[in-house]
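Student: The following block contains the structure, expressed as structure tokens.
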Amino acid sequence: MCFFLQVEATKGERVWDELLEQGGAVSLKLLEGCLSRSHSLNMARGPGQGGFCKRFPDLEEIRAMVPDPYMLRYQYADGVKATCLLLSGLVNDFTFAAQIVGEEKPLATLHYLDSYGGHGDHGKGPGSNVQYSSILMSGAETMFLSGEAHVPIERTLLTGGLVEAGCQSLTLGKRIETPHLAEVAYQPSPLSRFGFD
């Protein structure tokens with residue numbers, strides 16, 4: 001079970017300020033771990049700015065590529081902190097990195113969402129209707145026909161509550177306490193729901 005205590009959303013230059021400050025919300029090591037797993041990373045060009053000399057972008061190049069970044073920070077009741085970054089212009093996919101206690105390097109992975117148009121589409125063309133939408137609708141249909149939820153409804157309450165708190169935080173410019181989410185808990189199904197139904 002994971003209980004959320006607070007959510008804080010930030011956008012624009014403040015995101016970069018917090019990335020650079022010592023002990024900031026996001027470690028640059030974790031950001032690099034995420035970017036290293038991306039299939040859509042906008043790579044920096046080499047000294048000649050052309051040809052095949054692409055390389056991993058530095059923070060200043062990332063800032064130039066992402067004029068309007070967003071950051072959501074979550075505080076869990078057990079003290080764990082999580083940060084989500086929206087870096088449009090730099091990546092078009094979803095990656096994750098975590099620093100595991102006792103491990104030197106962060107754990108990083110890509111959440112691969114296969115697009116309708118095939119690998120490499122990245123939501124940019126007529127094939128941008130990703131398959132997870134049809135999987136979501138299949139679950140809704142199953143619920144309508146059987147009267148039983150495909151996934152625990154508490155999961156929807158948590159995700160909807162976190163989105164609402166993030167929007168409030170952006171609008172009000174402050175951290176939002178989420179005591180209403182502290183008691184929402186559920187036991188996930190042992191079965192994978194990754195498009196097998």
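Student: Filter segment 163-195 for residues that are touching a helix residue (DSSP H, G or I) at 6+ places or on another chain (Cβ under 7 Å) and either farther than 24 Å from Asp78 by Cα or assigned to a helix (DSSP H, G or I) (or both) and give the result.
Tutor: Matches in segment 163-195: His180, Leu181, Gly195.
Student: Of all residues in segment 3-39 being closer than 19 Å to Gly89 by Cα, among the small types (Gly, Ala, Ser) and exposed (fewer than 15 other Cβ atoms within 10 Å of the Cβ), which is modelled with the highest pLDDT?
Tutor: Gly12
Student: For segment 55-78, enumerate the residues that are assigned to a strand (DSSP E or B) and either small (Gly, Ala, Ser) or farther than 14 Å from Ser36 by Cβ (or both).
Tutor: Tyr70, Met71, Leu72, Arg73, Tyr74, Gln75, Tyr76
The values are calculated or read from the model by the stated rules, or taken from the named source; none is laboratory data. This is a predicted model, so every value here is computed, not measured. Quick reminder, even Gly has a Cβ in these numbers, built from the backbone with ideal geometry, and neighbours come from all protein chains shown.
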